[in-house]
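**Student:** Sharing a structure, written as structure tokens. Questions coming.
The values are calculated or read from the model by the stated rules, or taken from the named source; none is laboratory data. Fair warning: this is a prediction, and the values are worked out from it, not measured in the lab. When we count neighbours, we look across all protein chains shown, and the Cβ atoms used for this are built from the backbone with ideal geometry, even at glycine. Accessible surface is based on the protein model in full, side chains and every heavy atom, while ligands, DNA and RNA are left aside. Shrake-Rupley method; radii C 1.70, N 1.55, O 1.52, S 1.80 Å.
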Amino acid sequence: MTALTRPPAPSRRVLLRAGLAGAGLLTLAACRSAVDEASNAANAADTVDGSGAPRRGGVLSVATGIDVTPSLLFAQSANTLIQRLVFNTLTRYDDRLRPQPELATAWQVAEDGRSVTLKLREDVTFHSGRRFTADDVVFAVKNLQNPARSAQLRSTAAAVTDFRKDGDFELTLVFAHPVSNLFDLFEFMIIPDAGTVEDAVAGTRLIGTGPFVLTDRKPGASLTLARNDAYWNRGRPYLDGVEIRIVPQAESLLSSLRTGQTHLSYNVSGKDVATLRTDPQFRITQYDTGAGAYYIGANVTAEHVGDKRVRQAIAWAVDRDRLVRQALGGYGTVSSVPWPKSSPAYTEAGATHYRHDPDRARALLKEAGLERITLPFAHSSEPGSTAIAQILQYDLQQVGIDTVLQPTDSPTMQKQLISQTMPALWTLSHGFAQLHPATLAVSAYPFNEARNSSHFASAAYTDVVQQAWNRADSDSPEAKALYQQITDVLLDEEFVIDLAIAGLVEVAGRKARGATLNKFGYLNLDDAHLTA
């Protein structure tokens with residue numbers, strides 16, 4: 001192995017050392033956009049106490065439309081707010097996808113990419129008082145290898161074939177082959193307590209090393225967390241506690257923000273966000289690296305949509321511009337591919353490949369021997385998702401594709417996505433494109449080359465995805481050529497019909513400061529505080 005110093009433009013394989021081992025780590029803003037709708041300077045006087053530090057104390061109230069699903073704690077699901085409040089990860093990305101230290105303070109990647117040696121923090125304890133060691137990292141990897149966890153990055157965790165400890169705080173992971181998305185795994189993998197992990201997925205007890213301790217959970221209503229006074233990030237958190245309120249009704253959620261009952265939310269629809277842009281009591285911040293993308297999925301084993309000409313017709317039928325304007329309130333970017341502009345897989349040609357062309361859609365249906373068909377179309381029953389489904393239903397109807405809408409609660413849709421039991425069509429949002437491109441195709445349920453929600457299988461797709469994944473580099477010309485081949489397959493086969501890239505939008509009342517999200521939407525409140 002070779003220890004690397006930090007070059008001017010480091011890659012994710014570069015060795016980064018934590019010169020912060022004895023001090024509090026700074027929270028890094030995960031992909032903040034420059035789009036802050038209000039001036040932070042105007043409220044700066046309220047942000048700090050007399051010593052110049054953020055004010056301590058208070059309970060931050062966060063509103064979300066969807067409850068936590070404990071059985072999906074180790075998966076990317078509809079609610080990932082709890083993960084980074086109770087737990088920690090080994091590393092975290094900055095806004096340029098450079099890994100930064102968290103429970104790992106330093107690392108060395110072997111020249112051949114087949115192992116990584118981690119140095120771990122020595123001052124970390126679980127909420128139970130037990131000391132964190134290398135054994136907990138071993139357990140965390142094996143936990144994700146367990147098929148019962150439904151973890152999207154299970155394939156990357158499964159590439160780890162051996163663990164070599166050197167004392168309690170140094171560990172080498174050995175891989176069956178190089179993995180180009182190693183630090184995606186480290187950003188994703190929360191470190192649980194081995195003795196209580198089954199309680200965690202049952203929703204009865206969560207024991208981690210994070211800044212807050214779960215003290216109460218009322219399913220469907222709220223989660224209450226208190227400050228972890230023994231947190232390793234000294235002096236953090238500033239807050240005394242956090243309350244996550246489950247508010248399924250969009251109008252009620254918006255009202256709770258307007259009245260100050262809640263301070264923060266990431267579940268306000270784009271259409272509603274647009275109404276708050278000029279309201280001085282709110283700060284609107286868009287996470288601009290494409291943490292999510294809206295799409296139509298197609299079950300290729302279903303009648304009619306097994307023909308890719310029908311799927312391509314759907315891609316031409318949708319008016320993506322209207323979707324972004326009306327359903328997302330302008331908070332999104334039209335795109336035919338999953339990749340945000342920050343991705344090395346992004347190309348303008350790919351993003352604009354499909355446009356609104358009803359005549360072309362009708363011609364493809366005719367070529368497939370069809371004139372008018374009817375298909376079931378599942379969607380989340382949330383108001384924002386229903387509005388999207390209705391817009392898509394209208395567009396498809398104009399070209400001869402009638403749909404029967406099937407509103408479904410989000411946990412059920414997630415389970416159907418995992419179990420591959422979706423109807424002919426569905427619409428949801430997906431993540432993972434904001435990371436290493438191979439992660440999308442080996443991890444995300446809609447795209448997984450080995451087992452995806454659409455039942456799509458292709459030797460060519462599997463081959464190019466495996467080539468992109470089984471390599472140590474991610475930014476070379478050869479790697480980018482492989483990403484283009486992946487894009488070409490996606491645009492031709494259209495088993496996932498991408499519509500728009502849209503990162504999460506944070507709506508914060510004027511008292512809330514310092515909250516951030518990681519690349520998987522984990523809420524980080526280490527530096528969060530409330531103003532006077």
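Every residue, every condition in (1) out of contact with any helix residue (DSSP H, G or I) (no Cβ under 8 Å at 6 or more places or on another chain); (2) crowded, with 23+ Cβ neighbours inside 10 Å; (3) among the β-branched types (Val, Ile, Thr), yes or no:
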position: Phe186; (1), (2), (3): yes, yes, no
position: Gly195; (1), (2), (3): yes, no, no
position: Ile207; (1), (2), (3): no, no, yes
position: Asp216; (1), (2), (3): yes, no, no
position: Pro219; (1), (2), (3): yes, no, no
position: Ser222; (1), (2), (3): yes, no, no
position: Arg227; (1), (2), (3): yes, no, no
position: Gly241; (1), (2), (3): yes, no, no
position: Arg245; (1), (2), (3): no, no, no
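**Student:** Would you be able to say whether some residue in segment 18-29 is open to solvent by 20 Å² or more (accessible area, probe 1.4 Å), at pLDDT 55 or above and either hydroxyl-bearing (Ser, Thr, Tyr) or over 27 Å from Leu214 (Cα atoms) (or both)?
**Tutor:** No, segment 18-29 has no match at all.
**Student:** Taking Asp123, is it modelled with pLDDT of 95 or more and open to solvent by 40 Å² or more (accessible area, probe 1.4 Å)?
**Tutor:** So Asp123 fits the description; yes.
**Student:** Suppose we filter Ala293, Ala298, Ala302, Ala313 for residues that are over 26 Å from the mean Cα position of the chain (by Cα) and open to solvent by less than 10 Å² (accessible area, probe 1.4 Å); which single one remains?
**Tutor:** When all the criteria are applied, what remains is Ala313.
**Student:** Taking segment 399-415, which residues are closer than 18 Å to Ile497 by Cα and modelled with pLDDT of 95 or more?
**Tutor:** Val399, Gly400, Ile401, Asp402, Thr403, Leu405
**Student:** Also: Name the residues in segment 93-116 that are more than 16 Å from Ser180 (Cα to Cα) and either buried (at least 21 other Cβ atoms within 10 Å of the Cβ) or at pLDDT 95 or above (or both), would you?
**Tutor:** Those that are more than 16 Å from Ser180 (Cα to Cα) and either buried (at least 21 other Cβ atoms within 10 Å of the Cβ) or at pLDDT 95 or above (or both): Gln100, Pro101, Glu102, Leu103, Ala104, Thr105, Ala106.
**Student:** Could you pull out the residue among Phe175, Phe188, Phe183, Phe169 that is among the aromatic types (Phe, Trp, Tyr) and closer than 27 Å to Lys415 by Cβ?
**Tutor:** When all the criteria are applied, what remains is Phe188.
**Student:** Something else: Before we move on, is Asp199 at pLDDT 95 or above, not in a loop (DSSP other than H, G, I, E, B) and not aliphatic (A, V, I, L, M)?
**Tutor:** For Asp199, the condition - at pLDDT 95 or above, not in a loop (DSSP other than H, G, I, E, B) and not aliphatic (A, V, I, L, M) - is met.
**Student:** Continuing with the same structure: Can you find, within segment 340-355, the residue that is farthest from His430 (Cα to Cα) among those that are among the small types (Gly, Ala, Ser) and without any contact (Cβ under 8 Å) to a residue 60 or more places away in the chain?
**Tutor:** Restricting to residues being among the small types (Gly, Ala, Ser) and without any contact (Cβ under 8 Å) to a residue 60 or more places away in the chain, the top hit is Ala349.
**Student:** For Ala378, are the conditions met, namely being closer than 16 Å to Arg320 by Cα, free of Cβ contacts under 8 Å to residues at least 60 places away in the same chain and of a type in the set (A, V, I, L, M, F, W, C)?
**Tutor:** no
**Student:** Among the numbered conditions (1) within 25 Å of the chain's Cα centre (by Cα); (2) at positive phi, tell me where Gly167 comes up short.
**Tutor:** Of (1) within 25 Å of the chain's Cα centre (by Cα); (2) at positive phi, only one is false for Gly167: (1).
**Student:** While we're here: Quick one: how many residues across segment 514-529 are outside any strand (DSSP E or B) and either out of contact with any helix residue (DSSP H, G or I) (no Cβ under 7 Å at 6 or more places or on another chain) or at pLDDT 95 or above (or both)?
**Tutor:** Number of matching residues: 7.
**Student:** Can I ask one more? Restricting to segment 362-394, give me the number of residues that are over 18 Å from Ile501 (Cβ atoms), open to solvent by less than 80 Å² (accessible area, probe 1.4 Å) and in contact with a strand residue (DSSP E or B) (Cβ under 8 Å, 6 or more places away or on another chain).
**Tutor:** Within segment 362-394, residues that are over 18 Å from Ile501 (Cβ atoms), open to solvent by less than 80 Å² (accessible area, probe 1.4 Å) and in contact with a strand residue (DSSP E or B) (Cβ under 8 Å, 6 or more places away or on another chain) number 12.
**Student:** Let me ask something additional. Looking only at segment 447-482, how many residues end up being under 14 Å from Trp339 (Cβ atoms) and either surrounded by 22 or more Cβ atoms within 10 Å (Cβ to Cβ) or touching a helix residue (DSSP H, G or I) at 6+ places or on another chain (Cβ under 7 Å) (or both)?
**Tutor:** 5
**Student:** With in contact with a Leu (Cβ under 6 Å, 6 or more places away or on another chain) and in a loop (DSSP other than H, G, I, E, B) as the only criterion, which of Leu225, Leu185, Leu214, Leu206 stands out?
**Tutor:** After applying the criteria, what remains is Leu206.
**Student:** If you check every pair at least six apart or on different chains, which have Cβ atoms under 8 Å apart with a residue in segment 483-505 that is at positive phi and crowded, with 24+ Cβ neighbours inside 10 Å first and a residue that is assigned to a helix (DSSP H, G or I) and of a type outside the set (A, V, I, L, M, F, W, C) second?
**Tutor:** Close Cβ pairs satisfying both conditions: Glu494/Lys308; Glu494/Arg311; Glu494/Gln312.
Conditions (1) farther than 23 Å from Phe432 by Cα; (2) modelled with pLDDT of 95 or more; (3) among the aromatic types (Phe, Trp, Tyr), marked per residue:
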{"site": "Glu303", "(1), (2), (3)": "yes, yes, no"}
{"site": "Gly306", "(1), (2), (3)": "yes, yes, no"}
{"site": "Ala315", "(1), (2), (3)": "no, yes, no"}
{"site": "Asp319", "(1), (2), (3)": "yes, yes, no"}
{"site": "Leu328", "(1), (2), (3)": "no, no, no"}
{"site": "Ser342", "(1), (2), (3)": "no, no, no"}
{"site": "Ala349", "(1), (2), (3)": "no, yes, no"}
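**Student:** Okay, moving on. Select from segment 485-530 the residues that are among the hydroxyl-bearing types (Ser, Thr, Tyr) and under 26 Å from Ser269 (Cα atoms) and list them in ascending order.
**Tutor:** Matches in segment 485-530: Thr516, Tyr522.
**Student:** Right, another one. Restricting to segment 144-156, count the residues that are open to solvent by 10 Å² or more (accessible area, probe 1.4 Å) and part of a helix (DSSP H, G or I).
**Tutor:** Residues in segment 144-156 being open to solvent by 10 Å² or more (accessible area, probe 1.4 Å) and part of a helix (DSSP H, G or I): 6 in total.
Rundown of residues vs (1) outside any loop (DSSP other than H, G, I, E, B); (2) free of Cβ contacts under 8 Å to residues at least 12 places away in the same chain; (3) over 20 Å from the mean Cα position of the chain (by Cα), yes/no style:
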site: Leu428; (1), (2), (3): yes, no, no
site: Phe432; (1), (2), (3): no, no, no
site: Leu435; (1), (2), (3): no, no, no
site: Val442; (1), (2), (3): yes, no, no
site: Ser454; (1), (2), (3): no, no, yes
site: Ala457; (1), (2), (3): no, yes, yes
site: Ala460; (1), (2), (3): yes, no, yes
site: Val464; (1), (2), (3): yes, no, yes
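**Student:** Which residue out of Gln420, Gln414, Gln397 is under 11 Å from Ser453 (Cα atoms) and either open to solvent by 30 Å² or more (accessible area, probe 1.4 Å) or basic (Lys, Arg) (or both)?
**Tutor:** Sole residue among the options that is under 11 Å from Ser453 (Cα atoms) and either open to solvent by 30 Å² or more (accessible area, probe 1.4 Å) or basic (Lys, Arg) (or both): Gln420.
**Student:** So which residues in segment 200-221 are closer than 19 Å to Ala148 by Cβ and either among the hydroxyl-bearing types (Ser, Thr, Tyr) or out of contact with any Ser or Thr (no Cβ under 6 Å at 6 or more places or on another chain) (or both), if there are any at all?
**Tutor:** Ala200, Ala202, Gly203, Thr204, Leu206
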